[in-house]
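First comes the structure, then the notes that go with it.
Just so you know, all these numbers are worked out from the coordinates, no wet-lab data involved. These figures come from a predicted structure and were not determined experimentally. Cβ coordinates were reconstructed from backbone atoms using ideal geometry, including for glycine residues, and neighbour counts include every protein chain displayed.
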Amino acid sequence: MGAKSHGHDEPTEAVHEVDRAVQHALDRLTLLTNASEALASTLDIDEGLRRLCRTLVPGLADWCAVDLLDEHGGLRRQVIEHRESDLLSPGLYEGELPPVSENSAAAVARALRGAGPLLVTTFTTPANAADPLHARELELFHHLGADTVVIAPLRARRQVLGALTLARTAKTGALEEDSLPLAEDLAHRVALAVENARLHAEVQHTGERIQRSLLPDLPTNGPLELAARYQPALAISQVGGDWYDSFVLPGGAMTLIIGDVAGHDLQATVTMSHMRNMLRGIACDRKEPPGKILGRLDAAISILYPHQTLTCIYALLEKSDAHQPWRLQYAAAGHPAPLLITAKGDTRFLTEGRSMLLGVDPAQLRPDATEVLPSNSTLLFHTDGLIERRTENLDRGAARLRQHAAALAQEPLESFCDELLTGLAQAGSDDVALIAVRIPAAHAGAGPASATAE
């Protein structure tokens, strides 16, 4: 039997061609998957876009850029990444771009007008640019190198949000027509990520504005100086149920309140407002010690908001006459203890008058305690976001607070609060509320307070 000597290479070549096509498809699928993961890994749009570009370079392009339109139609180069990082110093080529005119010859302007994705293979020199945006685009191509460029509009829900630019130099081969569907798919994913991030930021901003609008003005016109702060969680960009409050009762005693409703969403903020108003009503109606007031609030919660829990401190600050020291009567329901800082920088937590958080057992007795406050001392009430860290125990956070507060004992009360937030709240994963009062010198008279709040 004789072997066939021809036609043997054709099936082999066909198999290789199929293998190449399959590998090419798998490579693109992997690229899309990695791009989606990069965009989904954060709600910070700048960081998400930078991670995306680092995924596309150098796998798909030698460099890439993302330009975004703002709400007024201005164009900003948000991110640019190059395979040779030494060609890009931080912020170089990023930032505001010239206005996008209706007749601009820039390829990015065409994409923003809805054309594309576009494959650009011929370039004029920057000196021959037709308009400022066109000139900026050509300068970028010239400085970073670009023999072929694909520019795809970022479309989401029939709106163009910006453009994705992918560029290759002659060293790595040209981008071709078959790159356009991939670029369009990538651009669509980028557009959805941008829109989601903007919607999240808008909701967050609305939630924070609601939270701040629900926080009260502090008492004014008296010898006591008060200051208060609220800061939403920076790490997770969420509002929550933290609140502070202070008002003067008919008998002249000033209330100091700090609380934290369980939850980190808009519902927690709304519930916080309800709890604050209930506590205000009970306190004004019932001239009772703090423990009794918290007990009445707990009973109301069990009826009106079953299964809702919160922590709270309710305190009364007063003095019987001008020759007596200021006296604090307080009760703490599951809340971090107040911190007392003397003028010399000695610190201690006020750990008496404690009971479990509210919303668990309305029949529980709520004790209170009394503390005589030194002249020129500072009393700080705060929520746990100021001291709590996921990677350490609470005692370490409490010690850190004492150290910071001691160092700030002589600072004006406004600076005291600002510096505490700057030094302690930046790395936290929870929102923070605090209220501080500066006790005047012994000769100062009785009365309400002067205050500021943010």
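Of note:
- Set of aspartates and glutamates with alpha-carbon distance to K171 below 15 Å, sequence-local pairs under 8 removed: D62, E84, D147
- Positive minus negative residues near N128 (Lys, Arg vs Asp, Glu; Cβ under 15 Å): -2
- Put simply, when 191-202, 79-90, 58-69 are sorted by average Cβ atoms within 10 angstrom per residue, most first, you get 58-69, 191-202, 79-90.
- Using the Cβ of K171 as centre and a radius below 11 Å, the other residues enclosed give a net charge of -1, where K and R count +1 and D and E count -1.
- For peptides 125-134, 368-377, sequence by mean Cβ density within 10 Å, most packed first: 368-377, 125-134
- Cα-based Rg and Dmax for region 28-147, where Dmax is the largest Cα-Cα distance (Å): 14.7, 42
- Tail fraction, Cα-Cα pairs, region 376-434, threshold 19 Å, whole percent: 23 percent
- Length-normalised contact order of the chain in % [C-alpha pairs under 8 Å, at least 6 apart]: 14 percent
- Diagonalising the gyration tensor over the Cα atoms of the chain and scaling each eigenvalue by 5 before taking the square root yields semi-axes of 63, 25, 19 Å, largest first.
- Region 114-173: radius of gyration over Cα atoms, expressed as a fraction of 2.2 N^0.38 Å: 1.21
- Mean residue ellipticity (222 nm) of the chain, computed from DSSP H runs ≥ 4 via -39,500 (n - 2.57), nearest 500: -11500 deg cm²/dmol
- Placing unit charges on the Cβ atoms of the charged side chains and taking the dipole of region 323-424 about its Cα centre, the candidate lying farthest along the positive direction among L420, A332, A409 is A332.
- Working ranking of peptides 150-160, 296-306, 47-57 by packing, defined as the average number of other Cβ atoms within 10 Å per residue, highest first, is 47-57, 150-160, 296-306.
- When you restrict to C-alpha pairs under 8 Å that are six or more residues apart and normalise by the size of region 37-180, the relative contact order lands at 22 percent.
- With Cα atoms defining each centre, region 62-102 and region 324-372 are spaced 54 Å apart in the structure.
- Within the shell defined by Cβ-Cβ distances under 14 Å, the residues around A333 carry a net charge of -2, with Lys and Arg each +1 and Asp and Glu each -1.
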